Amino acid sequence: MKLMPVLFAAATFSILNPALADEKILNLYSARHYQTDEALYANFTQQTGIKINRIEGKEDELLERIKNEGANSPADIFLTVDAARLAKAHELGLFSPVSSKLLESRIPAHLRTDDWFSFSTRARVIVYNKVAVKPEEVQNYADLANPRLKGKLCSRSGSHPYNLSLMAALIAHQGEAKAEEIARGMVSNFARAPKGGDTDQIKAVAAGECGVTISNTYYVARLLRSTKMDELKMMEKVGIIWPDQAGNGAHINVSGGGVLKTAPHREAAVQFLEYLASDQAQRYFADGNNEWPAVESVKVANPALESLGKFKADKLPVKNLAMYQTKAQMIFDRAGFK
Ligand code: FE
């Protein structure tokens, strides 16, 4: 994040300098910043001659910024994590539809919409303390509402997109009434008021402060691949469950992006999305954050993720996740899931 002012200055310079107007350029607003990203972008430039100006920032801030820049926004592409945020960009009318045979053939139908595409996937799993909770008690998301887990559940905020998207999936599969029942049950099982991120919850579970939580898989993988002895020791105390394996499968969320309606370099932007669906880019994109490639034929060797075993993934279209965001927030509000 320290690099941001420099990157920003570079981007502004080339956008405003008319001498560089003919240069092939792509302005990327990205909420992703991982080590493998350098190679990811360098390869695109090498293949196409298109230089990438990157503006990095927090997901919601970038979205706000694009909104505020309006018609004058230099942004060509918005890349972010979570279907909820991508859906929000769509609802704000920021994206422009892209029709690309290549994207249609590479990205599975359930992972794309008319105007935004997923490029990697992550699952939301149950993490439990091996001493405090029996694995058979926490096989499904709905189990987290079971009164026998009273005082044992920890969670990040209910207004966080990861939990909203999970709730959206529960609404889609089980209906609003059942989803609300689960939310209420979860709230009455809280060991403490929601706070912190997924990693904080895993740590609290390992420390015995809570018995169980939910986390995105890349946080689990990151800790399993940690070079710190205390984190590795901590992970020995917790078990991981792929939820809803006898039902709809583990809830899947995505990171992805789309071409902005006001994109000054639309052609380059579409080219970039197509590049992100290539074998090589898919590997960089997914592995940089311990995720899975959206393109099914692309395999990434990630020992930490593989150690969690095979699982059934929910194939609910990302469109549907987007559709139920507002309802999900209303349910959390009513249930007091702050
Ligand atoms: Fe995250």
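Filtering the stretch 201-222 to residues that are among the hydrophobic types (A, V, I, L, M, F, W, C), within 16 Å of the ligand (Cβ to nearest atom) and either at pLDDT below 95 or surrounded by fewer than 24 Cβ atoms within 10 Å (Cβ to Cβ) (or both) leaves only Ala221.
For the stretch 173-200, residues that are touching a Leu at 6+ places or on another chain (Cβ under 8 Å) and within 16 Å of the ligand (Cβ to nearest atom) total 1.
Scan the stretch 73-97 for residues that are within 16 Å of the ligand (Cβ to nearest atom) and on the phi > 0 side of the Ramachandran plot and jot them down. Within the stretch 73-97, just Asp82 meets the criteria.
Cβ-Cβ contacts under 6 Å between residues 6 or more apart (or on different chains), taken from a first residue in the stretch 287-305 that is closer than 17 Å to Lys315 by Cβ to a second residue that is open to solvent by 60 Å² or more (accessible area, probe 1.4 Å), are listed as Val295/Arg106. Of all residue pairs spaced 6 or more apart or on separate chains, those with beta-carbon atoms under 6 Å, a first member in the stretch 129-143 that is closer than 20 Å to Ser165 by Cβ and a second member that is part of a loop (DSSP other than H, G, I, E, B) are Asn140/Pro243; Asn140/Asp244; Tyr141/Pro243.
Among residues of the stretch 34-53 being open to solvent by 30 Å² or more (accessible area, probe 1.4 Å) and among the charged types (D, E, K, R), the one that is modelled with the lowest pLDDT is Glu38. Please state which one of Leu232, Leu316, Leu308 is outside any helix (DSSP H, G or I), closer than 19 Å to Gln201 by Cβ and open to solvent by 10 Å² or more (accessible area, probe 1.4 Å). Matching residue, one of Leu232, Leu316, Leu308: Leu308. Quick one: is Tyr162 away from the ligand (no atom under 16 Å from the Cβ) and open to solvent by less than 40 Å² (accessible area, probe 1.4 Å)? Spelling it out, it is not the case that Tyr162 is away from the ligand (no atom under 16 Å from the Cβ) and open to solvent by less than 40 Å² (accessible area, probe 1.4 Å). Could you list, in sequence order, all residues of the stretch 246-267 that are surrounded by fewer than 24 Cβ atoms within 10 Å (Cβ to Cβ), more than 16 Å from Phe117 (Cα to Cα) and not hydroxyl-bearing (Ser, Thr, Tyr)? The answer is Ala246, Gly247, Asn248, Gly249, Ala250, Ala263, Pro264, His265, Glu267.
Can you pull out every residue in the stretch 116-159 that is surrounded by fewer than 24 Cβ atoms within 10 Å (Cβ to Cβ) and of a type in the set (Lys, Arg)? Residues satisfying the conditions are Arg124, Lys130, Lys134, Arg148, Lys150, Lys152, Arg156.
The values are calculated or read from the model by the stated rules, or taken from the named source; none is laboratory data. Just so it is clear, the structure is predicted and the values come from calculations on it, not from any experiment. Note that we place each Cβ from the backbone using ideal geometry, even for glycine, and neighbour counts take in every protein chain shown. With ligands, DNA and RNA removed, areas are computed over all heavy atoms of the protein, side chains included. Shrake-Rupley method; radii C 1.70, N 1.55, O 1.52, S 1.80 Å.
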